[in-house]
Amino acid sequence: MLKPRPMCRVLIAAPKEQMEPVIQELYRRHLFHIEDFVEQGREGYEGFKIGMPLPRANDASKELLELRSVTNSFMLKSEDIDPTQKRSSPELEKIIERDLPLIEKEATELLGNRSKLETQIKEYEQKIEGLIPFTAVSVPLELLRGYSTLTVFAGYVSRNVTPACPFDSEYIPSKGRNFIVLIVPATAGAEAEKALNDAEFQPVEIPEEDGYAKSRTGYYAGNIATLQDQIKEINAKLDDQKKQHAELLLACDELLTAEVERAEAPLRFATTDLAFVAEGWVPETEVEELSRSIMQVTAGKAYVTELEIDLEHDKVPVEYNNPSFAKPGEVLMDVYSRPKYTEIDPTLMVSIVFPIFFGIILGDLGYGIILLAMVLGLRKFLKGEEGRLLLITLRNASIATIIFGILYSEFLGFPLWWSSIMPNRHLSIGGHGGGHGPAIPELMIMAIWIGILHITLGRILGMVNHSRQDHGAHRMKAVLANLGWILVMWGILTLIWSGFAIPYMIDLTGMPAVMGVSIGAIAGAVMLVIGVVFIARDSFLEIVELPTIISHVLSYARLVAVGLSSVAIAMVTNYIAIGIIIEPQLEHLTVIGVVIIIAGVVVFLLGHAMNTALGILGGGLHSIRLHYVEFFTKFYKGGGDKYEPFGMKKKFTED
Amino acid sequence: MADAVMTVEMIQASQAGMKALGAGIAVGLTGIGTGIAEMGIGSAAVGATAENKDIFGLVLLLTVIPETIVIFGLVVGLLLLF
């Protein structure tokens, strides 16, 4: 919690003939995050070279490549398919040798045929395009070419052309572009061309076809239709194949991928002529187990040891270490950046506070229920790991929305039976407001309190982070600078409180005065000055950032503002749909009235659908933004590497 | 205008109207400001994401930063009205 999973740096050394069993074991355990060996003459690694792939690597990658070309053209993804059975490796290896080439051959043939047909369709389409201008011409196409004494012009012109020489022409005016076919004696070609050019002539090539253009177009269109039918047939066959073999193909893919990864692992190890060394990271709790199993598979011929970690220079891979309810928050963290190994991991705070902010913003029983239903419905369609976690985050947010909806007493903008337990958000739109309208000052003060506390928490975490990560003189300065920011913020607050009595805030106006100035104000001023000094000692330029204290705290007002705007949209929708459209019709029900009522219901549904979408977008984006911009900038840097252990989660296969 | 008579009700009504106008201007102008600010960031963000998908989170963050402006406008508007 609040810290990534503790890691150990592990070194494995063994003779080369033990390489394969060690790789097999590491792959099976799925725990060892390999640190790639780089030939840079690192201390203690003189004379080591990058290893050679295992002999099987070449064949396996070739097979995988062929398989991938098929799975890609089938657009098969392992996330989309739930395995019905797990196949064992020996069984699959047999299939790969015996059946896979046949399946691949069949699929490639079908795909090849399909692309041939598609090219043919393209050719026909081009021919049709060339024929279209001539479809209105009343002469067969073969009569328009092949003369030695006549010249034939065909093309688009802006107006009809009548050259001075003897000629025959067919002029087809149409909207925008007029088509002309002009036949003149070859001797008068230049003259005719000049006349045509005056009419902005754009020549069109005469197609090499016999017969009337219209019938030729029809002929080609017919051909295209036949080809398309054939493509449909092939597609159906491909679909059949896909359905039939999907799971098998994915299982083969998984097996071959594993084989290739294993075979290429030596490329990441340091080797000599007779031995190899692999360095990597293993979670602290698993080190013993892993080293024991490695000793077992090598019959004691390997050397496994823990190395010391140099936190300043080593890039320790980061694996989250959160209680299961906070897992979905990791998605939100990864969107920003994974924490560094030495940093506080704020996932837990994000996964608690994000739904609460979402609830404060949306806070409506009706929308909460709609969102919850949507999430539960979408669970069937979203299969990937990330999608699943995101849905859980949304589910938590929708539950918070329901809870805050009850507290705000809101259902799709309507008030519920009880009056709002939180400050009231009902506006007086169309007389539906009820009571005294929204309690804006109370809501604002609530938002600002949330902001003050959230930012103070961020700064405290900043102090912890700096005290952990920094060294020497800078460490103290950095910690004090964070304290300085807290002091400045609370100093400003104390100054305000001792000047004005604000409801729901601390009232310091009654404090005794020394020389005409209240003690509260003096204390506030002192805090402010000390704070500024602390900040300036760390970095003088930071002083220009002081106004961000106010803007960041005020930024939390969005919790109220965005929420109120969604309440307003909901109430306006209700007022238009029910107050203006439906209610007047209900008084004297007529046939037209029923139609208008249905229209009102449509308006009601559309308005609330739009508001739900806006609510999810606004609630989600704004609450995550408050984390990313206002909260994280106080303490969080991120940039840690993901812990990616060697191996894979098996979905379709088993050992 | 010399013979125009201003009653207290008229003054109150015009005050309410002015407040509403002020609130509208506050939200409207800050909205425009946010829009202009996000225009440049947004287009750069889309370009950057096309180059490298991993920075989506960061550029989303950068894009929504000017949103604070319109929130301030909205806050001012709400305080004026209520």
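The values are calculated or read from the model by the stated rules, or taken from the named source; none is laboratory data. A quick note: this is a predicted structure, and the numbers were derived from the prediction, not measured. Please note: Cβ atoms are built from the backbone with ideal geometry, for glycine as well, and neighbour counts cover all protein chains shown.
Within the range A:56-82, how many residues turn out to be under 16 Å from A:Gln244 (Cα atoms), touching a Lys or Arg at 6+ places or on another chain (Cβ under 7 Å) and part of a helix (DSSP H, G or I)?
Going through the range A:56-82 one residue at a time, the tally reaches 2.
Only residues that are over 56 Å from the mean Cα position of the chain (by Cα), free of Cβ contacts under 8 Å to residues at least 24 places away in the same chain and surrounded by 15 or more Cβ atoms within 10 Å (Cβ to Cβ): list them for the range A:158-181, please.
Result: A:Ser169, single match.
Against the condition of a type in the set (Gly, Ala, Ser), more than 20 Å from the chain's Cα centre (by Cα), modelled with pLDDT under 90 and not assigned by TED's automatic domain parsing to the domain that holds A:Gly359, how does A:Gly647 come out, does it pass?
Values: of a type in the set (Gly, Ala, Ser): yes; more than 20 Å from the chain's Cα centre (by Cα): yes; modelled with pLDDT under 90: yes; not assigned by TED's automatic domain parsing to the domain that holds A:Gly359: yes.
In short, yes.
Just give me the residues in the range B:68-82 being facing chain A (nearest Cβ under 7 Å), over 20 Å from A:Gly619 (Cβ atoms) and part of a helix (DSSP H, G or I), in sequence order. Break it down stepwise before answering.
Of the residues in the range B:68-82, the ones facing chain A (nearest Cβ under 7 Å) are B:68, B:71-72, B:74-75, B:78-79, B:82.
Imposing the further condition that a residue be over 20 Å from A:Gly619 (Cβ atoms) reduces the set to B:79, B:82.
Result: B:Leu79, single match.
Filter the range A:182-209 down to residues that are surrounded by 15 or more Cβ atoms within 10 Å (Cβ to Cβ) and farther than 20 Å from A:Asn160 by Cβ and give me whichever is modelled with the lowest pLDDT.
Here the residue is A:Glu209.
Could you name every one of the helices (runs of 4 or more DSSP H) located completely within the range A:499-583 that has at least 2 residues being among the small types (Gly, Ala, Ser) and more than 14 Å from chain B (Cβ to nearest Cβ)? Before you say what the answer is, go through the steps one by one.
On the way: elements: A:519-538, A:548-555, A:558-574.
In the range A:499-583, A:519-538 are the helices (runs of 4 or more DSSP H) which contain 2 or more residues that are among the small types (Gly, Ala, Ser) and more than 14 Å from chain B (Cβ to nearest Cβ).
Looking only at the range A:628-641, filter to residues that are assigned to a helix (DSSP H, G or I) and among the aromatic types (Phe, Trp, Tyr); which one of those is nearest to the other protein chains (Cβ to nearest Cβ)? Before you say what the answer is, go through the steps one by one.
Step one: of the range A:628-641, the residues assigned to a helix (DSSP H, G or I) are A:628-634.
Of the ones still in play, those that are also among the aromatic types (Phe, Trp, Tyr) are A:628, A:631-632.
Details: A:Tyr628: 5, A:Phe631: 12, A:Phe632: 9 Å.
Here the answer is A:Tyr628.
Regarding the range A:588-599, can at least one residue be identified that is more than 14 Å from every other protein chain (Cβ to nearest Cβ), assigned to a helix (DSSP H, G or I) and either within 28 Å of A:Thr393 (Cα to Cα) or not β-branched (Val, Ile, Thr) (or both)?
The answer is yes; a qualifying residue exists.
Look at A:Gln85 and say whether it is out of contact with any helix residue (DSSP H, G or I) (no Cβ under 6 Å at 6 or more places or on another chain) and either surrounded by 13 or more Cβ atoms within 10 Å (Cβ to Cβ) or not in a helix (DSSP H, G or I) (or both).
Against the criterion (out of contact with any helix residue (DSSP H, G or I) (no Cβ under 6 Å at 6 or more places or on another chain) and either surrounded by 13 or more Cβ atoms within 10 Å (Cβ to Cβ) or not in a helix (DSSP H, G or I) (or both)), A:Gln85 qualifies.
Got a number for residues in the range A:466-484 being over 24 Å from A:Met527 (Cβ atoms) and of a type in the set (Lys, Arg)?
Of the residues in that region, 1 qualify.
Within 10 Å of another protein chain (Cβ to nearest Cβ), of a type in the set (A, V, I, L, M) and part of a helix (DSSP H, G or I): does that describe B:Leu21?
Taking the combined requirement at face value, the residue does not satisfy it.
Go through (1) within 14 Å of chain B (Cβ to nearest Cβ); (2) closer than 26 Å to A:Ile356 by Cα; (3) more than 25 Å from the chain's Cα centre (by Cα); (4) not hydroxyl-bearing (Ser, Thr, Tyr) one by one and return the number of the condition A:Arg625 breaks.
(3)
Report yes if A:Ile448 is within 30 Å of A:Val567 (Cβ to Cβ), out of contact with any helix residue (DSSP H, G or I) (no Cβ under 7 Å at 6 or more places or on another chain), surrounded by 14 or more Cβ atoms within 10 Å (Cβ to Cβ) and outside the structural domain of A:Leu416 (by TED's automatic domain parsing), otherwise no.
In short, no.
Return the total of residues in the range A:144-157 being touching a strand residue (DSSP E or B) at 6+ places or on another chain (Cβ under 9 Å) and loosely packed, with under 13 Cβ neighbours inside 10 Å.
Going residue by residue through the range A:144-157, those that are touching a strand residue (DSSP E or B) at 6+ places or on another chain (Cβ under 9 Å) are A:144-145, A:147, A:149-157.
Add one more test, that the residue is loosely packed, with under 13 Cβ neighbours inside 10 Å, and what stays is A:147, A:149.
Within the range A:144-157, residues that are touching a strand residue (DSSP E or B) at 6+ places or on another chain (Cβ under 9 Å) and loosely packed, with under 13 Cβ neighbours inside 10 Å number 2.
Whether any residue in the range B:55-67 is of a type in the set (Gly, Ala, Ser), without any contact (Cβ under 8 Å) to a residue 12 or more places away in the chain, in a helix (DSSP H, G or I) and at the interface with another protein chain (Cβ under 9 Å from one of its Cβ atoms) is what I want to check. Before the answer, list the steps.
Here is the first cut: in the range B:55-67, the ones of a type in the set (Gly, Ala, Ser) are B:57.
In the following step, the residues that additionally are without any contact (Cβ under 8 Å) to a residue 12 or more places away in the chain were identified as B:57.
Going one step further and asking which of them are in a helix (DSSP H, G or I), we end up with B:57.
Those still in the list that are at the interface with another protein chain (Cβ under 9 Å from one of its Cβ atoms) too: B:57.
Within the range B:55-67, one or more residues are of a type in the set (Gly, Ala, Ser), without any contact (Cβ under 8 Å) to a residue 12 or more places away in the chain, in a helix (DSSP H, G or I) and at the interface with another protein chain (Cβ under 9 Å from one of its Cβ atoms).
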